[in-house]
1. Among the residues of region 221-240, count how many are among the small types (G, A, S), part of a loop (DSSP other than H, G, I, E, B) and within 14 Å of L269 (Cα to Cα).
2. Search region 186-220 for residues being part of a strand (DSSP E or B) and among the charged types (D, E, K, R), and hand back the single one that is modelled with the lowest pLDDT.
3. Please verify whether region 235-244 includes one or more residues that are under 21 Å from D45 (Cα atoms) and surrounded by fewer than 16 Cβ atoms within 10 Å (Cβ to Cβ).
4. Return yes or no: is L157 in contact with a helix residue (DSSP H, G or I) (Cβ under 6 Å, 6 or more places away or on another chain) and in contact (Cβ under 8 Å) with a residue 60 or more places away in the chain?
5. Looking at this structure, is G28 modelled with pLDDT under 95 and under 23 Å from L192 (Cβ atoms)?
6. Applying the selection to region 211-252, what residues are of a type in the set (D, E) and closer than 12 Å to E199 by Cα?
7. Looking at A129, A103, A152, can you tell me which residue is without any contact (Cβ under 8 Å) to a residue 24 or more places away in the chain, in the same structural domain as R185 (by TED's automatic domain parsing) and either on the phi < 0 side of the Ramachandran plot or not β-branched (V, I, T) (or both)?
8. Going by the structure shown, is P67 in the same structural domain as H149 (by TED's automatic domain parsing), over 27 Å from L172 (Cα atoms) and at pLDDT 90 or above?
Amino acid sequence: MRILIALLAALLLAPAFATPPRLMLATGHHDGIEVADWLVSEKLDGVRGHWDGRALYTRAGNRIQAPEWFTAGWPDQPLDGELWLGRGRFEEASGIVRTSGGAHPGWREMRFMVFDLPAHRGPFEQRVAAMRTLLAAAGVAWLRPVEQHRVADSGALEARLRAVVAAGGEGLMLQHRHARYRVGRSDQLLKLKPFDDAEARVVGYTAGRGKYAGMTGALVVERPDGLRFRIGSGLTDALRARPPAVGTWVTYRFNGLTGGGVPRFPRFLRVREELPPPDPD
């Protein structure tokens, strides 16, 4: 009987998981686009969130336990956005989101920056206007639309990218003004950053040498396509002493690929707190 009670309690207390939300996902920026036809915003370094009209979920479909007051008064229609504290504060935001029960005091600083309306059937330009009207009517101070701008040409786009990066931002997002919300990777939604980044799974370690003797020298990681390589740059002393466990997914940055398809100069950025979901069909 005690075992049965324990099992029932475990089931009741276990976190609820949902099917990953069907989201529109970006591809990398490429040359040759008519920049004036795109709306440009800052790429926020936060935690992707999907509001389904009743609750918040991560990109992988895990329920975000935000405080009740945080989502009180939100619209009853889906919102696609980013839980954001500010530039360079991803780790803090991630830690707050991971705290169970929504009790972390950091929620008082959190904002949900909305960049799209998944259920709206109009082109992006119309969705932006509808989003501004919807959020203004909600009147919630921490529920805000991401600012969208038009730029004249590629020179103006590059200038905006330099300004954002110089101020501590990550990069830019571009969405074609006529784009419809389409689930999966879209060439109508582009990200522009001064470097590339991607995810890989930790499969092992190399031993440190010199001042890192007795610590981790590099992570051995594997891309989703099976390619293995090492990441040593970007690891702090704390991470070298206690590296991410085998099986953990990490995000790394790199500068293009070698002729053999291996990332050039990979640098550790952060641990992903959940498995990246497959792209929606």
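The values are calculated or read from the model by the stated rules, or taken from the named source; none is laboratory data. Note that the structure is predicted; figures quoted are calculated from it, not measured. Cβ: placed from backbone, ideal geometry, glycine included. Neighbour counts: every protein chain shown.
1. Taking region 221-240 as the starting set, the residues that turn out to be among the small types (G, A, S) are 226, 232-234, 238.
Imposing the further condition that a residue be part of a loop (DSSP other than H, G, I, E, B) reduces the set to 226, 232, 234.
Those left that are additionally within 14 Å of L269 (Cα to Cα): 232, 234.
Qualifying residue count, region 221-240: 2.
2. As a first pass, look at region 186-220 and keep what is part of a strand (DSSP E or B): 186-192, 196-207, 216-220.
From what's left, among the charged types (D, E, K, R): 187, 191, 196-197, 199, 201.
Values: D187: 86, K191: 89, D196: 81, D197: 84, E199: 91, R201: 95.
Only one residue fits best here, namely D196.
3. Yes, that holds for at least one residue.
4. Details: in contact with a helix residue (DSSP H, G or I) (Cβ under 6 Å, 6 or more places away or on another chain): yes; in contact (Cβ under 8 Å) with a residue 60 or more places away in the chain: yes.
So L157 passes the test.
5. On the way: modelled with pLDDT under 95: yes; under 23 Å from L192 (Cβ atoms): yes.
Criteria met by G28.
6. So in region 211-252, the residues of a type in the set (D, E) come out as 222, 225, 237.
Across region 211-252, the qualifying residues are E222, D225.
7. On the way: A103 fails: without any contact (Cβ under 8 Å) to a residue 24 or more places away in the chain; A152 fails: without any contact (Cβ under 8 Å) to a residue 24 or more places away in the chain.
Within the list A129, A103, A152, the selection yields A129.
8. Numbers: in the same structural domain as H149 (by TED's automatic domain parsing): yes; over 27 Å from L172 (Cα atoms): yes; at pLDDT 90 or above: yes.
Considered against the rule, which asks whether it is in the same structural domain as H149 (by TED's automatic domain parsing), over 27 Å from L172 (Cα atoms) and at pLDDT 90 or above, P67 comes out as yes.
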